[in-house]
Every structure is written in structure tokens, then in C-alpha cells.
Amino acid sequence: MENSRGSFGSKLGVILATAGSAVGLGNIWRFPYMTGQNGGAAFILIYLVCIFMLGIPGMVAEFIIGRHSAANAARSYKNLSNGKPWGVIGYMGVFTSMIILGFYAVVAGWCLQYLYASIMAEVQGDANFVKEYFASFSSDAVRPTLWTIAFILLTHVVVVKGVRNGIERASKILMPLLFVLLVVLVVASCSLQGAWKGVEFLLKPDFSKVDPNVMIEALGQAFFSLSLGTACLCTYASYFSRQTNLLKTATQIAFLDTLIAILAGLMIFPAAFSVGVQPDSGPSLIFITLPNVFNEAFASMPVVGYVISVLFYALLVLAALTSTISMHEIGTAFFYEEMHISRRGGAWIETVACCVIGVFCALSCGAVPELTFFGKSFLNCCDNFTAQWLMPMASFFTCIFVGWYIPKKVVHDEFTNWSTLRGTFFGVYLFMVRFVCPLCILIIFLHQLGVL
């Protein structure tokens, strides 16, 4: 077993790597749509309040556990539980991350296929052609499976190189590149004729649309967007230095995550409105709706449309990769530390396990229709099981664990870096993690189940 776990080498590396774990496909296909449909800037204001109430305190809670123990997620919870059942939360996080990586890699593989198809100009055609192209590809038995495995292997190549030489170095390249591509696409989208209608739809505040359901949706988006309850924040925090300001880091990550989500909206809506298309949400947005938008919006400039399409799917691949790296690292750290094997060996166990899950998820999308449970594809079952049950449960008990079980002195020491930082907000933080966060997560949980 390796003598050193490794650690992040710089503050920038900490921010970019951890922000990369939060920034993903959901920022591009979910947040913009929810913002536009739920009051524009009014929704964003509510979302920011939810980030303050749940997102930042929840992130800091996982940071405290991970950095204090300096171990994989399962051992981190176990070390602080003193033999009590709290250690189960860490194992739940590892299990959750493996399932998420398995089905997430399927959609990421679709992005790879569409990047290739864009380069080869295969997705140029009318609306029916684009729709049939996606239906044909996603239900194929071979191509989605191969692209899924390819994406997991691509993730493996980064993770196996370690924390500093793999994850941190990749994040310092991928995150700035992702941001540059996003800005280029925003400029191109907003320069189209009629684009301002899309900007107005996204950012014009409409408080008449705000109701309790919108508030719950904003709360849920804050929860899922920051990857709470997946153990990735805890795992990455185990590589933080003792000088890392946990509250400041969580705030910076939340800011970057929100900024990229808003920019994604400024990329999608102006282009869509310029050709009179009403965007929807989910995979159909990026694999059916947007190819049509690119084909129509840049019909008079086919070369520009070609470049925009390639850049867009390159952006999606980068966004997906920053997330899959963090998911992979959770299991890798667990296997090599708990099984006392090399990091490379732990990474291969995680890769093989996730490939198996990914293959079943890919085949369930049409190639093998028998892979269904409760009337849903295996992929959708994995998605629902993790989003509706495992993530809320893990995050709920994490907040209870940090707020009520871990000694207050331990929490205070981590929060203030052993009193080297001012603890002005510690009382507020403790109140939030003890009362507000569990209540918010309970509301999300009940909403996911359809009770609220």
C-alpha cells in the first residue's frame, strides 16, 4: 500500500477540483430550464438563499468529516463514530457514488458519441432526422456500451495518476477550458438575431410564478447541484491541507457552480429563442432540441454552426469528465485504503465495477428492453434510487452526525482551523447544520417521493 495518500498542492487546485465535482451535465440541462420556467431572476434569488441555507453548510459538514479523518469516506465516518452505526453513512456514500458513476457514464458516453458525430457532421438534418438519430443510437446494443466503457476508462486514466498529478492537474486544465468554451458559446448565442428574448426569459424576474413548489424545486436544485450526499466532498476534503479555509472554499465552489449554470442558460435560451424553439429539460434538450437549434440558427453560416456544435459537445464532455473523476475517486480511495492494495489496483476495481453497472444501464435504454424494474429502465431505476433515497438519507444523517454527535470542539477546531481563523459565523453554522439543513433535506426527500 502507498505510504502517502497524497494531497492537493495549491488553493487553486482545491477550488477547481472540488468545483469540478459539482459542475456537471445537470448545470447545463436542468438549472437553465428550471430558472426559465420558474420566474427567471426570481428563481435565481431563491436558489441563492437555498445555497446559503443548505448548500454551503452541507458542504462544510462533509469537509469537516473528510479533513479531520484524512481517510476515505467510509473510514472517515467510522473514525468519528466511536463504534456507533454512524459509520454506515460513509459506506452508503461509496455505494451511491458507484451507482451514479455507472449510469452517469452512459449519458457522458452519449456526449462522446455526439462530439464524434458533430466532428463528422453526422447530426446535420431536419428535426425528424435528429430525433431518429438519437432514438437509433441510444437503443443500439453496441455503440452506447462502447462509449460508456470508453468514458469510464478515460476517467480511470486521470484518477490512477493520483491526487496531485492526476485529479488536480486535470482540473487545472479542464475547468478553465470548460469556462472558456462556455463563454465563447454564450457570445455566439447572444449575437444571434432575436437572442434578447432568451436572455429576458432567463433573467427577467417574474415573482408571480413563485409559489411553494418553486421554492422546493430551488432547494432541490441547490442540493443536487453541489453533489451533497455522494461522499465526493468528504473524499476530496481528506486531501485538503490544514490551512484550507473550509467555509471560504465552500462559498467559492457554490459561486462557481452557480455562475456556470447561469452561463449555460445564456448559451441555450438565446439560441433557442432566436429560432422560435421552446427548450425542454433532460437528455432530450442536449441530444434532440439543441442540435435542431444549431442547425436552424446557423443555417446561413454552416461553417459557424459546425464549429459551435463541436464546441458545445466538447463542453459537455468536459463537464461530465470533471464529475466522473470525483465519483471514481471515492471508490478508488476506499478500495486501495481498505483492501491495503496499490492505488492502481483500487482504481481498477472501481473501474470494472462501474463498467458492469454502466453496461446494464446502457443496454436498458432500448437494446435490451427486459432490463426494467417497476416499469422503468435500469438506468432510470439507478437514477431514482440514488436521487430519491440514498443521497438525501446520507446528507440528512451527515448533518445530524456533525451537528449533534461529533464533539462540538472538533467541529469548532475544523471550522476555525484550530482558532487560526475568526469563528464569527460558527454559531450560525452550528444552528444551520443542526436544524435548518436537516429540515431542508427532509422537505426535499418528501418532495422527491411525491408527498409534498
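The values are calculated or read from the model by the stated rules, or taken from the named source; none is laboratory data. Worth saying up front: this structure is predicted, and the values here are computed from it rather than measured. Reconstructed Cβ throughout: ideal geometry from the backbone, glycine too, with neighbour counts over all protein chains shown. Please note that ligands, DNA and RNA were not included when accessible areas were found on the heavy atoms of the full protein model with its side chains. Shrake-Rupley method; radii C 1.70, N 1.55, O 1.52, S 1.80 Å.
Structure above, values below:
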item: Accessible area in the full protein assembly, largest first, 1.4 Å probe, for Met59, Met92, Met120; result: Met120, Met92, Met59
item: Charge dipole (debye, nearest 20) of the stretch 18-149; +1 at Cβ of Lys and Arg, -1 at Cβ of Asp and Glu; result: 660
item: Accessible solvent surface per residue of the stretch 11-449, calculated while the other protein chains remain in place, 1.4 angstrom probe, Å²; result: 38
item: Selection from Val157, Val214, Gln113 lying farthest towards where the dipole of the stretch 95-240 points positive, charges on Cβ; result: Val157
item: Loop-resident sites, the stretch 136-243, for trypsin sites (Lys or Arg not before Pro), counting at most 15 other Cβ within 10 Å (DSSP); result: Arg242
item: For the stretch 216-341, radius of gyration divided by Kirkwood radius, i.e. Rg to Rh on alpha-carbons; result: 1.08
item: Average silhouette area of the stretch 1-57, convex hull of alpha-carbon atoms, in square nanometres; result: 6.1
item: Size of charge dipole - the chain - debye, nearest 20, with Cβ of Lys, Arg +1 and Asp, Glu -1, no other charges; result: 1420
item: Using alpha-carbon coordinates, inclination of helix 11-22 to the longest axis of the chain, degrees; result: 60
item: Reachable lysines from Lys161, criterion Cα separation under 29 angstrom, eight or more residues apart if same chain; result: Lys11, Lys78, Lys172, Lys248
item: Residue among Asn27, Tyr429, Val303 farthest towards the positive dipole end of the chain, charges placed on Cβ; result: Tyr429
item: Accessible area of Asp211 in the full protein assembly, 1.4 Å probe (Å², nearest 10); result: 70
item: Nearest-ten-degree value, helix 56-69 long axis tilted from longest Cα axis of the chain; result: 50
item: Heavy-atom accessible surface of the chain: percent carbon and sulfur, 1.4 Å; result: 68
item: Leading residue at positive end of dipole, the chain (Cβ point charges), from Thr322, Phe8, Ile441; result: Phe8
item: Those Cys residues of the chain for which no other cysteine Cβ falls under 4.7 Å; result: Cys50, Cys111, Cys190, Cys232, Cys234, Cys354, Cys355, Cys361, Cys365, Cys381, Cys382, Cys440
item: Mean shadow area of the stretch 116-193 over all directions, Cα convex hull, nm²; result: 7.3
item: Which labelled figure in (i) 0.96; (ii) 1.08; (iii) 1.01 is Rg/Rh (Cα atoms, Kirkwood Rh), once derived from the coordinates; result: (i)
